[in-house]
Amino acid sequence: MIGKTTQLTPSLRSVRALDWLNFFVANVQTGFGPFIASYLASHKWTQGEIGLALSVGTISAMVSQVPGGAAVDALKNKKAAAAWAIIAIIASAVLLASSPTVVPVMAAEVFHGFASCMLVPAMAALALALVGRQNLGDRLGRNARWASIGSAVAAGLMGLCGEYISPRAVFWLTAALALPALVALAMIEYDKHANAPKPLKSARPGNGETAADGEARETILDLLRDKRMLTFAACVVLFHLSNAAMLNLAAGEVTAGMGDNVQLVIAACIIVPQAIVAMMSPWVGRTSQLWGRRPVLILGFSALPIRALLFAAVGNPYFLVPVQMLDGLSAAVFGVMLPLIAADVAGGKGRYNLCIGLFGLSAGIGATLSTALAGFIADHFGNTVSFLGLAAAGAAAVVLVWLVMPETRETIEEETPRDAPA
């Protein structure tokens, strides 16, 4: 029947394999974080050259968000999309490890940017195919928990490798950790036709492309006209406009005003939110199924302005660590809700991964504006004023969710058969 979904019962082996896939992919992605800057600096790259290399990666990721999502939508085999993305990330890590010169580093950044933009939607598509839309909230919460654990474990392992072996060893380790990710991916089994695109009740005959099964598929223009998609994209921009520069600004302030233990404080500011995400993400997924999306979004987004105001008011560097617990709350909500709302908006129309790509592009725009504007304001008016600006952007995100963002969970309820098992 049109507009209805069925509840899927994946095998325990596939469920566990998806857990480990999230764990090892997070391991791999951690290697492309701050470790790149440290590695390049150890090979006499200047800060300007490092910034240029990282900017190439950022721009590559932003440009690739939408085509990466569209490519995953077009591929029937989501496992193959994820596998090719992981292989490209392995190649990026090997390029970095083999030669820290301009051409390999730039090529690695470009490969990694595009591969990540295919890997994220491919893994979300696997979760949707494995458990169905009814159980997607729980599954995404579980994904986020395993990814957070993987990030924390990888940060520790890579830190030890970089300290006691060499900075180059971090990237050989990154490539090695991608291999068990491929093994976990191969163990996932799912029904490739269980979540084929189906038009919603509002779909008009003839308004859309033709999917493989003969049913209408929503066009990209239809998706861009969806108020839910546009409103949440605006929320994503404001979220990252408030969030992206916050820790960097605080870390710079700590470094300037603190002598000893700076690196320990910054490390704690990264690890503590990961622990919060690991603990809270399953709760976020379950609660969004019970309460709806908007109440959970309001809760997570409200932590942004509070955190920015505390950063502006707090003078003791050691107090930054407990303040960062609020970052864990926001990250847990955002990490689960973005792919979940994408499924609400476009999961039954064959545009799920494209929608994730559009939201990812919105996040990139917000993050880029955040770091540029926060840095400019801090240089000319001081860190306190910059934090207040970030708080204002976070408050605007809360207001937009509260007053404008429609509830998207109702679509799922309308599509769910009344006799479906609980």
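The values are calculated or read from the model by the stated rules, or taken from the named source; none is laboratory data. The shown structure was predicted, so the numbers you read here are calculated from the model rather than taken from an experiment. Reconstructed Cβ throughout: ideal geometry from the backbone, glycine too, with neighbour counts over all protein chains shown.
I'd like the full set of residues that are over 15 Å from Phe32 (Cβ atoms) and outside any helix (DSSP H, G or I), limited to the stretch 150-175. Ile165, Ser166 - these are the residues of the stretch 150-175 that are over 15 Å from Phe32 (Cβ atoms) and outside any helix (DSSP H, G or I).
Quick check on my filter: what residues within the stretch 290-340 are buried (at least 17 other Cβ atoms within 10 Å of the Cβ) and not in a helix (DSSP H, G or I)? Selection gives Gln324 alone.
Results for (1) outside any loop (DSSP other than H, G, I, E, B); (2) over 21 Å from Thr368 (Cα atoms); (3) out of contact with any His (no Cβ under 8 Å at 6 or more places or on another chain); (4) aliphatic (A, V, I, L, M), shown as yes or no for each residue.
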residue	(1), (2), (3), (4)
Ser55	yes, no, yes, no
Gln65	yes, no, yes, no
Ala81	yes, yes, yes, yes
Leu96	yes, yes, yes, yes
Phe114	yes, no, yes, no
Met118	yes, no, yes, yes
Met123	yes, yes, yes, yes
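Pro180 falls short on exactly one of the conditions (1) crowded, with 17+ Cβ neighbours inside 10 Å; (2) assigned to a helix (DSSP H, G or I), and that condition is (1).
Only one entry of Phe376, Phe387, Phe359 meets the criterion of being more than 23 Å from the chain's Cα centre (by Cα), part of a helix (DSSP H, G or I) and modelled with pLDDT of 85 or more, and that entry is Phe387.
Cβ-Cβ contacts under 6 Å between residues 6 or more apart (or on different chains), taken from a first residue in the stretch 141-164 that is at pLDDT 85 or above to a second residue that is charged (D, E, K, R) and surrounded by fewer than 20 Cβ atoms within 10 Å (Cβ to Cβ), are listed as Trp146/Asp19.
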